[in-house]
1. Looking only at region 256-286, which residues are out of contact with any His (no Cβ under 9 Å at 6 or more places or on another chain) and among the β-branched types (Val, Ile, Thr)?
2. For residues that are under 20 Å from Thr357 (Cβ atoms) and not in a loop (DSSP other than H, G, I, E, B), tally how many sit in region 175-191.
3. May I ask you to list the residues in region 135-169 that are in a strand (DSSP E or B) and among the aromatic types (Phe, Trp, Tyr)?
4. Hey, any hits in region 400-411 for a residue that's within 16 Å of ligand 3 (Cβ to nearest atom) and not small (Gly, Ala, Ser)?
5. Tell me the strands (runs of 3 or more DSSP E) entirely within region 340-438 that contain at least 3 residues that are crowded, with 17+ Cβ neighbours inside 10 Å.
6. Taking Tyr82 and the conditions (1) loosely packed, with under 15 Cβ neighbours inside 10 Å; (2) touching a residue at least 40 places away in the same chain (Cβ under 8 Å); (3) not assigned by TED's automatic domain parsing to the domain that holds Gly362, which numbered condition does it fall short on, given that it satisfies the others?
7. Just for region 307-335: of the residues that are free of Cβ contacts under 8 Å to residues at least 60 places away in the same chain and within 12 Å of ligand 3 (Cβ to nearest atom), which one is nearest to His256 (Cα to Cα)?
Amino acid sequence: MELMPNLMLFLFLFLFLFLSIVSTFSAESDYVRPQPRQTLHFPRNPKSSSQPRQVHISLAGDKHMRITWITNDHSAPSFVEYGTLPGNYTSVSQGESTSYTYILYKSGKIHHTVIGPLEAGTVYYYRCGGEGSEFQLKTPPSQLPITFSVAGDLGQTGWTKSTLDHIDLCKYDVLLLPGDLSYADYLQHRWDTFGELVEPLASTRPWMVTQGNHEKESIILFKSPFDSYDARWKMPFEESGSSSNLYYSFEVAGTHVIMLGSYTDYDESSDQYAWLKADLAKVNKERTPWLVVLFHVPWYNSNKAHQGEGASMMAAMEPLLYAAGADIIISGHVHAYERSKRVYAGKSDPCGAVHITIGDGGNREGLAHKYIAQPEWSVFREASFGHGELKIVNSSNAFWSWHRNDDDEPVKSDQVWITSLAASGCAAEKNHQLKKFT
Ligand SMILES: *[C@@H]1O[C@H](CO)[C@@H](O)[C@H](O)[C@H]1NC(C)=O
Ligand SMILES: *[C@@H]1O[C@H](CO)[C@@H](O)[C@H](O)[C@H]1NC(C)=O
Ligand SMILES: [Fe+2]
């Protein structure tokens, strides 16, 4: 008699399992787009207080790399030991550090240490502050080809993890992020969990980022908008003659990359505009035939989300970028993917830029599904999570692909060969145009 309830329970469980397996398989034939995923939960970090955490690296001028990490211990030193053999550190660099408070939150000690000169295309082993694990990084090549991985509006959800896993499968040299990193949104500990989440990738390849609206954390009279972002994600603005971490440039293997700020002044009388003009005047298309520009709010967007939001920045800066021969312009903000033809002033133009919106890294706000009628310049658009890869093959050809995360497989969903303006003759024609601005 006593066995009966157990037997019933067993049969019930068996039936339940059977039905759920059957329903999983039958769902495949009628594919349903995956749901948004929850924000990840992070266990408390067991590492001791002087252990380096949240390690990430970024390019810092010719042949140099900036190593950034955080320690809970505010007396921990800021030096980095490094070399080309594991455990055998032949060089050491001293760095600087900062920290900040935000209402009741007090950040750890944020260390920034520039190492170099480094050989191109070389693996270096390094250790931060004489403590903790050894990390390794690979410097980018000195010449083309080079591969950039691109992801925007990352956040820290299950979809972010999926995007990062797919990026990890790609052999890339430098990651480009057009804004909206952690989605901390005033809750400072989320910056720390984001730092932990990206460390496995961001400690091995340079992550070059610019700001989005979710980095804006101002408190009237107390905090200017990007204090936390600037403290944690210091980019090579000084190295590129800029006075603000919100816009800067760098050169790597035949490519001049410009990071602009959608959330700082951009009109013709602004510092950013003056800096951009000066930076573009330095571009030498013989040395860097490719000109790539990133910022957060897209100028060419046929999604209903954030429709027209980039218009005033576009009015101010598009003529300048057009005259300079910008090849590819990448933005985020809209949680979907879109690629344009070469465009200028709202119309197809063979000497304009290819615009790519890629704000679909996996943030907690979900996807932007609603579109306006597809404009003539829009080639491909889709609301799915994913990342992009830009392989610049040589001075004339680059291969762009977008990889959707669906089914947890890195599906290559959109791809195109792009010819540089340097090779198509547009750049030579434009030589005179840029002079008009100076
Ligand atoms: C460390 O590297 C240097 C230079 O490459 C070499 O001379 C030295 O023998 C190495 N030391 C060890 C312990 O491997
Ligand atoms: C550049 O690469 C493309 C694609 O591999 C190739 O067809 C082309 O001939 C190359 N051009 C030059 C100038 O090397
Ligand atoms: Fe955004």
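1. Val257, Ile258, Thr264
2. Going through region 175-191 one residue at a time, the tally reaches 3.
3. Residues of region 135-169 in a strand (DSSP E or B): 135-138, 146-150, 157.
Hits for region 135-169 are Phe135, Phe148.
4. Of region 400-411, the ones within 16 Å of ligand 3 (Cβ to nearest atom) are none.
Within region 400-411, not a single residue is within 16 Å of ligand 3 (Cβ to nearest atom) and not small (Gly, Ala, Ser).
5. Working: elements: 353-358, 378-382, 386-392, 397-404, 411-419.
Per the criteria, 353-358, 378-382, 386-392, 397-404.
6. For Tyr82, the failing item is (1).
7. The qualifying residue nearest to His256 (Cα to Cα) is Gly310.
Results for (1) under 22 Å from Ile258 (Cα atoms); (2) within 16 Å of ligand 3 (Cβ to nearest atom); (3) of a type in the set (Gly, Ala, Ser); (4) more than 15 Å from the chain's Cα centre (by Cα), shown as yes or no for each residue.
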{"position": "His112", "(1), (2), (3), (4)": "yes, no, no, yes"}
{"position": "Leu118", "(1), (2), (3), (4)": "no, no, no, yes"}
{"position": "Gly132", "(1), (2), (3), (4)": "no, no, yes, yes"}
{"position": "Val150", "(1), (2), (3), (4)": "yes, yes, no, no"}
{"position": "Gln156", "(1), (2), (3), (4)": "no, yes, no, no"}
{"position": "Cys170", "(1), (2), (3), (4)": "no, no, no, no"}
{"position": "Asp180", "(1), (2), (3), (4)": "yes, yes, no, no"}
{"position": "Pro206", "(1), (2), (3), (4)": "yes, no, no, no"}
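The values are calculated or read from the model by the stated rules, or taken from the named source; none is laboratory data. Because the structure is a prediction, the values reported are computed rather than measured. Positions of Cβ are generated from backbone atoms using ideal geometry, with glycine treated the same way; all protein chains shown enter the neighbour counts.
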